[in-house]
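Worksheet: one structure, shown below.
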């Protein structure tokens, strides 16, 4: 988990790099909300105009982005609940940090000590179909 001051492409790409490091690889599929750094235009159903820079990042790491439907909270329900639970565990004691680097170190330390448990299961990438899993 990392903190960023803005939601720019550079920060989004950095967040992915750190996530893949923690996961020990790259999942074959990533599920995303329709954030502006990933989607230029939301069409009907699952139709999206994916941002060129985001598409290049997904291609570089060889994973398939999947986007949630707008106003379809049930698609993100489990993730949202996990975020809520992590916030409650994590922010019981507010850190005092001199800068963003210190805050990010605090977050990483909290994760390493189990305050923010990583409950992702290790997956094997299905190379024939390129579906789910972890690419190392």
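Data overview
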quantity	calculated
Sequence of 8, 37 once ranked by neighbouring C-beta atoms within 10 Å, starting from the fewest	8, 37
Residue exposure sequence - 11, 94, 57 - by fewest surrounding Cβ within 10 Å	94, 11, 57
Nitroxide proxy distance, nm - points 7 Å out along Cα→Cβ at residue 22 and residue 112	1.4
Global form of the range 1-47, assessed from the alpha-carbon gyration tensor, a/c cut-off 1.5	oblate
Per-residue Cβ neighbour rank within 10 angstrom, fewest leading, 66, 108	66, 108
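No value in this document is a laboratory result; all are computed from the given coordinates. In this text the structure is predicted, and so the values were computed from the model without any measurement. With ideal geometry, Cβ positions are generated from the backbone for all residues, glycine too; neighbour counts draw on all protein chains shown.
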